[in-house]
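To keep things clear, I will list the structure first and then write my remarks on it.
Read-outs: derived from the displayed coordinates by stated rules, not from any lab. This is a predicted model, so every value here is computed, not measured. Here the Cβ positions follow ideal geometry from the backbone for every residue, glycine too, while neighbour counts run over all protein chains shown.
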Amino acid sequence: MSTALARHWPEYAMEAAELGLFMASAGFFGVLLYHPASPTAHAVADPFLRRVVMALAMGLTAIALIYSPWGQRSGAHFNPAVTLTFFRLGKVAGWDAVFYAMAQIGGGLSGILAVAALTGARVAHPAVSYVATVPGAWGVGVAFAAEVLISFGLMAVVLTVSNTARLARFTGLCAGALVATWIILEAPLSGMSMNPARSFASALPANLWTAFWIYLAAPPLGMLLAAELHVRLGRLPVLCAKLDHEGGRRCIFRCGYAS
């Protein structure tokens with residue numbers, strides 16, 4: 001444990017910062033697009049159009065983080081379900097997985113609290129509610145199934161694209177595009193999480209725990225199912241736990257690129 005912490009703390013800090021920035025972006029755009037006093041909320045009154053704008057903002061945020069120097073070094077998981085899946089695939093050491101998850105949880109919470117400090121009560125307004133993820137009108141069962149499905153889809157694409165030589169550099173673009181697509185299409189069903197740390201970061205300050213178990217269980221389940229299918233189909237070998245391996249930055253994973 002101490003050896004992992006001493007050697008890899010910069011990557012842990014980067015993971016915390018990445019999800020912190022993602023949550024700060026989500027909170028900022030949530031206030032901008034949904035708070036009743038926001039001029040943008042009145043200018044973009046159509047709920048579907050608002051969701052499209054939010055989707056573009058968050059998809060671009062994800063892409064920027066994945067291809068950033070920090071993302072290229074830490075692997076740009078910023079999601080315990082992603083880290084757990086790569087641990088299952090033998091690419092992340094046990095203590096690294098533990099510290100990654102802790103960093104992601106702390107970083108996500110710090111990001112949304114920073115928005116709260118900057119915007120005052122705006123991010124806490126019921127129309128924004130710390131951009132919390134809760135089941136939609138179709139209920140808990142549909143929300144759970146939807147979270148499993150979108151998490152499965154994201155990891156299936158990441159594993160396929162990142163391990164195909166001619167496509168690997170597009171992994172971040174594909175992941176960001178899926179984040180945006182899921183917000184547009186799936187957010188009405190579950191709020192579109194795919195990330196236990198992301199949902200916790202909103203739920204804690206909002207004190208909104210409606211069916212919170214969905215956001216703890218469904219994303220890991222969906223991603224682990226995608227990994228299991230990838231392995232059982234004998235498809236492309238998993239080379240690394242990084243979403244973008246360009247840039248020649250340090251890699252702390254059990255990396256196939258080094259062999």
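Using a simple spin-label model with pseudo-atoms 7 Å out from Cα toward Cβ, residue 102 and residue 164 lie 3.9 nm apart.
Long hydrophobic helices in the chain, taken as whole DSSP H segments with a C-alpha length of 27 Å or more on their own axis and mean Kyte-Doolittle hydropathy at least 0.0: 2-34, 47-67, 94-119, 140-162, 213-232. Given that just one value was derived from the coordinates, which of (i) 18; (ii) 27; (iii) 52 is percent of Cα pairs over 32 Å apart? Evaluating percent of Cα pairs over 32 Å apart on these atoms matches (i).
Both radii are taken from the alpha-carbon atoms of region 101-224; with Rh as the Kirkwood radius, Rg/Rh is 1.00.
Here the dipole of the chain is about 500 debye; that uses its Cα centre as origin and unit charges on the Cβ of Lys and Arg (positive) and Asp and Glu (negative). For the chain, the relative contact order is 30 percent, taking Cα pairs closer than 8 Å that sit 6 or more residues apart in sequence and dividing their mean separation by the residue count. When a/c is below 1.5 the answer is rounded, else prolate if a/b is larger than b/c, else oblate, so apply that to region 181-259 with a ≥ b ≥ c taken from the square roots of the Cα gyration tensor eigenvalues. Judged from the Cα gyration tensor, region 181-259 comes out prolate (a/c at least 1.5, a/b above b/c). Each residue, residue 145 and residue 3, gets one label point 7 Å from its Cα in the Cβ direction; the gap between the two is 4.8 nm.
Exposed loop sites here are trypsin sites (Lys or Arg not before Pro) assigned a DSSP state other than H, G, I, E or B and surrounded by at most 16 other beta carbons within 10 Å; excluding them, the longest clear run of the chain is 1-165.
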